[in-house]
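For reference, the structure is listed below as structure tokens.
Derivation of every value follows stated rules applied to the coordinates shown; laboratory data play no part. Bear in mind that the values here come from a model prediction, so they are computed numbers and not experimental data. Neighbour counts are summed over all protein chains in view; Cβ atoms, including those assigned to glycine, are modelled from backbone coordinates with ideal geometry.
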Amino acid sequence: MTVFYYQRQRGVALITVLMILVIMVSIAATMTGRMTLSLKRTEGLIFSQKAYWYGQASAQMGKKILDENFSDSRVVSLDQMWATPNMVFPLENGQIAGQIRDLRSCFNVNTLAEADQNDISALPLRQFQHLLEVLGINEYGAQMIAESTRDWIDENETSNAALGAEDSYYQARGVPHLTANNLMTDISELRSVQGVGPKTYEKIAPYLCAIPSREQKINVNTVDIEQVEILYALFKDELNISVDDLKNFLQDRPFSGWASVDQFFAMGIFQGVTISAPLKAQLSVSSDFFQLTSIATFEDRLLAVDLVFQVNAKKAKVIRYQSGGIK
């Protein structure tokens, strides 16, 4: 009886010890798991912070490149360093890759704020409609988008044309909203405008930009040959020429660009043609707004950076910074 009692007591003690051991192992495993998770979280934050600062560095690199290009040149052309495609700057455990785009080589939609005169559509509105049509938008759709874009930008709440759209139209949509009644800050705003669906936006967006200015100044030295439709839209009312003819013309563009707008108009394609003063005023051989699109990489973290620079007195300044995509 006594022997059986002691054996049972030893069994209970062993079970108790084993239970305590299981509890201790569980606690240790939980603590280890939490510590590992905490370390990974800290590592992730450090890596993301590194990627963030690499993104900030891309702004400084872009500024340096633009400052150097403008320090000794008034003319902006595609042979300068800023125009180098797919630039890559290796860094410790990462890199910064991207390219700079001249925002004076695309159609500035903010010029559409110009009002009509004597029942004649404003020049930028007609040109924008020409651009949409040459890009494959039918006449009705092009007119709707052009007039609706102007209504989106202008400061009043009254549509100036039958195909335009003001607050009353957008308030009746599935997701009600108002027009901006101000200049667009980014061309992506165009997706909210009447008539601009996903496919249409994808087709026309590469030719457009939204500069914080109502002035149209297309740099004839930096317009991409593959986007010659921009120049076609500008000249359509005054120059009887096809897109292919303009493309051939740009292929003979001087390597360092034209030194002046007068030199541009001295080319044979313009001989015997009278170009109006308002159209001439829309052209330039210099630029003052640039966009840097870059990807900052550190370890396995990526940060997409979108910057807009304004150049004034030969110095570049960041006027818009957008980032995202850390993962």
Open item on the list: Rounded, prolate or oblate, given the Cα gyration tensor of the stretch 107-216, with a/c below 1.5 counting as rounded?
Closed with: rounded
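In debye to the nearest 20, how big a dipole does the stretch 107-216 give about its Cα centre with +1 on each Lys and Arg Cβ and -1 on each Asp and Glu Cβ? Show your work: numbers first, answer last.
Details: 7 positive and 16 negative charges, 88 e Å.
Charge dipole, the stretch 107-216, about its Cα centre: 420 debye, nearest 20.
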Open item on the list: At a 10 Å Cβ-Cβ cut-off, how would you order Met184, Met31, fewest neighbours first?
Closed with: Met31, Met184
TODO: Mind checking the full-extension length gain between Lys64 and Glu202? Use 0.36 nm per residue of separation minus the Cα-Cα distance, one decimal, nm.
DONE: 46.5 nm
TODO: Apply the Karplus parameterisation 6.51 cos²θ - 1.76 cosθ + 1.60, with θ equal to phi minus 60°, to every residue of the stretch 87-97 and state each ³J(HN,Hα) to the nearest whole Hz, in sequence, with x for glycine and proline.
DONE: 5, 10, 10, x, 9, 4, 6, x, 6, 10, 10
TODO: Specify which residue in the list Thr222, Gly324, Leu78 is farthest towards the positive end of the charge dipole of the chain, using unit charges on the beta carbon of Lys, Arg (+1) and Asp, Glu (-1), about the Cα centre.
DONE: Gly324
Open item on the list: With 10 angstrom as the radius, rank Leu14, Leu231, Leu103 by how many other C-beta atoms surround their C-beta, starting from the fewest.
Closed with: Leu14, Leu231, Leu103
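For every helix of n ≥ 4 consecutive DSSP H residues, a contribution of -39,500 (n - 2.57) applies; sum these over the chain, divide by its total residues, and give [θ] at 222 nm rounded to the nearest 500 deg cm²/dmol.
Working: 9 runs with 134 residues, N = 327.
Calculated from helices alone, the mean residue ellipticity at 222 nm is -13500 deg cm²/dmol.
Any idea what the relative contact order of the stretch 107-216 is, in percent, if you count C-alpha pairs under 8 Å spaced at least 6 apart? Please report the intermediate quantities before stating the final value.
Numbers: 166 pairs, mean separation 37.6, N = 110.
Relative contact order here is 34 percent.
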Open item on the list: Using amide H atoms built in the peptide plane, which far-off residues or other-chain residues are under 5 Å from Phe107 H to H?
Closed with: Leu208, Cys209
Open item on the list: Can you find, among Val25, Ala57, Leu239, the residue sitting farthest towards the positive end of the charge dipole of the chain, where Lys and Arg contribute +1 and Asp and Glu -1 at Cβ?
Closed with: Val25
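If you take every DSSP beta bridge whose two residues both sit in the chain, what share of them, in percent to the nearest 5, is antiparallel?
Working: 34 of 38 bridges.
Bridges in the chain that DSSP calls antiparallel: roughly 90 percent.
Mind sorting Val196, Val17 by how few other Cβ atoms lie within 10 Å of their own Cβ, fewest first? Intermediate results must be reported in sequence, preceding the final value.
On the way: Val196 23, Val17 10.
Least crowded to most crowded, the residues run Val17, Val196.
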Open item on the list: Considering only C-alpha atoms, what is the centroid distance from the stretch 276-324 to the stretch 191-251, in Å?
Closed with: 18 Å
Open item on the list: Compute a Gaussian network model of the chain, connecting alpha carbons closer than 10 Å, and tell me which residue from Arg101, Arg126, Arg191 fluctuates the most.
Closed with: Arg191
Task: For Leu283, residues with placed amide H under 5 Å, excluding near neighbours - done: Ile218
Open item on the list: For a quick check, take a GNM of the chain with Cα springs below 10 Å and name the residue from Ser294, Ser159, Ser58 with the largest mean-square fluctuation.
Closed with: Ser159
- [ ] Springs between alpha-carbon atoms under 10 Å, Gaussian network over the chain: tell me which of Ile211, Ile15, Ile275 tops the mean-square fluctuations.
- [x] Ile15
TODO: For Val76, enumerate residues with amide H under 5 Å from its amide H, sequence gap 5+ or separate chain, H modeled in the peptide plane.
DONE: Ser286, Ser287
- [ ] Between beta-carbons, use under 13 Å as the cut-off and find the net charge around Ser148, counting Lys and Arg +1, Asp and Glu -1.
- [x] -3
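Quick one: which of Lys63/Lys247; Lys64/Lys199; Lys217/Lys247; Lys203/Lys280; Lys247/Lys315; Lys64/Lys217 span more than 30 angstrom between C-alpha atoms? Could the numbers behind the result be given before it?
Details: Lys63/Lys247 32 Å; Lys64/Lys199 37 Å; Lys217/Lys247 20 Å; Lys203/Lys280 28 Å; Lys247/Lys315 33 Å; Lys64/Lys217 24 Å.
Cα-Cα > 30 Å for Lys63/Lys247; Lys64/Lys199; Lys247/Lys315; rest within.
Test of understanding: express the Cα radius of gyration of the chain as a ratio to 2.2 N^0.38 Å, with N the residue count. Walk me through the numbers before you get to the answer.
On the way: Rg = 30.3 Å, N = 327, 2.2 N^0.38 = 19.9 Å.
Output field value: 1.53.
Please state the charge dipole magnitude for the chain, taken about the Cα centre, from unit charges on C-beta atoms (+1 on K and R, -1 on D and E), reported in debye and rounded to the nearest 20. Don't skip to the answer; put the middle values down first.
Values: 29 positive and 36 negative charges, 474 e Å.
Dipole size: approximately 2280 debye.
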TODO: Can you tell me the relative contact order of the chain? Whole percent, Cα pairs under 8 Å, sequence separation 6 or more.
DONE: 24 percent
- [ ] Work from the charge dipole of the stretch 107-216 (Cβ charges, +1 for Lys and Arg, -1 for Asp and Glu, about the Cα centre) and give the residue of Ser148, Gln117, Asn138 farthest towards its positive end.
- [x] Asn138
